[in-house]
Structures are given as structure tokens and as C-alpha cells.
Amino acid sequence: MRIRFYEVHTFTDRLFAGNPAGVCLLDELLPDELMQKIARENNLPATAFVLDRGESFDLRWFSPTVQLEVCGHATLASGHVLFGHVGRQEQTLTFQTRAGELKVARADGRLVLDFPVRPVASCETPPLLIDSLGAEPREVLKGADYLAVFDRAAQVAALRPKLEGLAQLPVRGIIVTAPGDDCDFVSRFFAPQRGINEDAVTGSAHCTLVPYWAARLGRKQLHARQLSQRGGELFCEDHGDRVHIGGTAVTYLEGTLNVPTD
């Protein structure tokens with residue numbers, strides 16, 4: 001079996017920055033076990049598997065170790081491939097996923113994700129979280145992820161967490177955030193539970209970050225940076241129960257995977 005494959009660097013306008021994702025264009029649905037093997041072999045933070053169903057696309061995401069519940073950057077990468085390489089002409093693409101119906105649209109030179117909000121609520125701060133981060137946040141909230149809020153961007157940039165401790169927390173991952181110096185807010189995202197020690201740029205984390213910062217700053221449109229080693233830039237808008245997350249992407253690799261059929 002031959003599968004068209006792309007590696008795309010997302011939430012950036014240059015190569016070797018942003019978050020890399022693999023995109024596999026399928027002619028037929030593959031078994032989960034085979035998709036997991038392909039993602040493990042690619043060894044990227046996420047590999048997306050896209051199957052054209054006519055009116056919409058089936059979309060699945062895998063890290064090298066597990067199937068992902070939701071993945072923003074690999075969805076952006078899928079939209080980039082379908083618009084830029086497959087030549088889809090519509091303004092908006094619709095994906096059917098484990099996280100429900102998701103969309104990618106073209107607007108003002110960017111690709112814009114339309115994702116549901118991932119809510120959080122105030123909670124007691126687990127001592128393991130403070131110990132693992134090596135610093136105490138001013139506020140902690142919890143939903144599918146922990147959201148740890150700090151006072152300054154420099155505190156977020158300086159974190160050197162104990163990943164083995166973070167991996168023991170009963171959440172998908174840990175978002176850390178603070179007001180930005182040259183943007184509205186900054187963040188980092190750690191998900192050792194999902195085989196991703198630190199994600200370079202995390203679209204899905206902004207489904208939590210955007211409503212939090214929109215309420216705190218009192219405005220709907222927000223400019224965000226993720227302070228990973230590769231770095232990334234996101235242009236976001238709060239829409240109540242939905243979040244729009246915009247960014248750009250560049251193609252690094254285009255090729256073919258040769259996958260055994262038995």
C-alpha cells in the first residue's frame with residue numbers, strides 16, 4: 001500500500017519552527033494498530049490520517065505512543081495539505097473526529113481552526129504539580145488539562161519541570177501560562193502522559209487558554225505565543241462555546257509511505 005505523506009510545520013511561517021505534524025492521505029480506513037505503527041515510525045508529535053468522505057473528511061490523530069483525543073496543530077496541517085497540495089477550492093473544510101465536528105477555514109492569509117471550548121474550573125493546587133513544575137502558580141484550574149497561571153512570561157519560560165512527576169497527574173496534560181510581553185499571553189504545554197514531553201505549539205490548549213484570557217483581559221481577539229524551543233504564534237478569537245485559532249504553516253516534506261497490507 002502506498003500512502004501520500006507530508007510533514008508540515010505549523011503555527012509558523014518558516015521551516016524548523018512551530019510544531020511539526022505528519023499528514024497521511026488515505027484511500028481507505030486503516031486499522032488503529034497500523035496507524036499507531038506509522039505514527040511511531042514517523043516519530044513526530046502527531047500524525048494525522050485523513051480520509052475523504054465527500055462532504056467532509058474523517059480525521060484521526062496519533063502521537064508516537066497513543067491515539068489523541070484532539071489535536072489542533074495536526075488539524076491545521078491537514079487543512080494546509082488539502083488546500084495547498086490537493087487543491088481543494090472551498091473556503092472551509094469539515095472534519096469528523098473523536099472531538100466532534102471540527103473546521104479549518106481560509107481567512108486573511110491564515111488557516112483558522114474552529115474548535116469547541118475546553119472548559120476549566122478553579123481547583124486546589126496539587127502539591128505534586130507545584131513540586132513537578134518547580135514553581136508555585138498564582139492560580140490553578142482543572143478540566144481535561146491542568147491550567148497553571150503565572151504572573152510573568154519570564155516565569156513560564158524559565159520552567160524546567162520534572163516530567164516524571166507531571167506524568168503522574170490525572171489529566172491529559174499541563175498548560176502553563178502568563179501575560180505576554182509582546183503579545184496578549186504566552187503558554188507552554190507538557191503532556192508526558194501522551195508521549196509528548198513538551199509540545200512545540202498546542203492548538204487544543206488554546207481552547208482553554210482563549211476563553212480564560214478573553215474573560216481576564218476583556219476582549220475577544222487575542223495574540224498568543226507558545227514559548228517552546230521551536231516557538232509558535234497564534235491569532236485567536238473567542239466565540240462563546242467555540243474558539244477560532246489562526247496560524248500559518250509550511251511544508252517540509254512530501255513523499256510516499258510504503259506500508260505492508262498484511
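Structure above, values below:
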{"read-out": "Count - residues of region 167-181 that are over 13 Å from the mean Cα position of the chain (by Cα) and part of a loop (DSSP other than H, G, I, E, B)", "value": "7"}
{"read-out": "Residue among L93, L44, L25, L51 that alone is assigned to a loop (DSSP other than H, G, I, E, B), among the hydrophobic types (A, V, I, L, M, F, W, C) and either surrounded by 15 or more Cβ atoms within 10 Å (Cβ to Cβ) or free of Cβ contacts under 8 Å to residues at least 40 places away in the same chain (or both)", "value": "L44"}
{"read-out": "Residues within region 190-217 that are in contact with a Gly (Cβ under 9 Å, 6 or more places away or on another chain) and closer than 13 Å to G231 by Cβ, tallied", "value": "4"}
{"read-out": "Residue ID - surrounded by the fewest Cβ atoms within 10 Å (Cβ to Cβ), chosen from residues in region 112-140 that are closer than 17 Å to H239 by Cα and over 14 Å from the mean Cα position of the chain (by Cα)", "value": "P119"}
{"read-out": "Residue satisfying condition, being touching a helix residue (DSSP H, G or I) at 6+ places or on another chain (Cβ under 8 Å), closer than 21 Å to L76 by Cα and among the β-branched types (V, I, T), within set V176, V243, V259", "value": "V243"}
{"read-out": "Pairs, first under 13 Å from H80 (Cβ atoms) in region 233-262, second surrounded by fewer than 16 Cβ atoms within 10 Å (Cβ to Cβ) and of a type in the set (S, T, Y), C-beta under 9 Å, six or more apart", "value": "none"}
{"read-out": "Complete set of residues in region 199-215 that are surrounded by 20 or more Cβ atoms within 10 Å (Cβ to Cβ) and out of contact with any Pro (no Cβ under 8 Å at 6 or more places or on another chain)", "value": "V201, T202, G203, S204, A205, H206, L209, V210, Y212, W213, A214"}
{"read-out": "Every residue from region 185-215 that is in a loop (DSSP other than H, G, I, E, B) and among the β-branched types (V, I, T)", "value": "V201, T202"}
{"read-out": "Some residue of region 240-258 being under 19 Å from L113 (Cα atoms), exposed (fewer than 15 other Cβ atoms within 10 Å of the Cβ) and at pLDDT 95 or above", "value": "yes"}
{"read-out": "Hits in region 216-230 - residues which are surrounded by fewer than 17 Cβ atoms within 10 Å (Cβ to Cβ) and assigned to a loop (DSSP other than H, G, I, E, B)", "value": "G218, R219, K220, Q229"}
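The values are calculated or read from the model by the stated rules, or taken from the named source; none is laboratory data. Remember, predicted model here, so these are calculated numbers, not experimental data. Quick reminder, even Gly has a Cβ in these numbers, built from the backbone with ideal geometry, and neighbours come from all protein chains shown.
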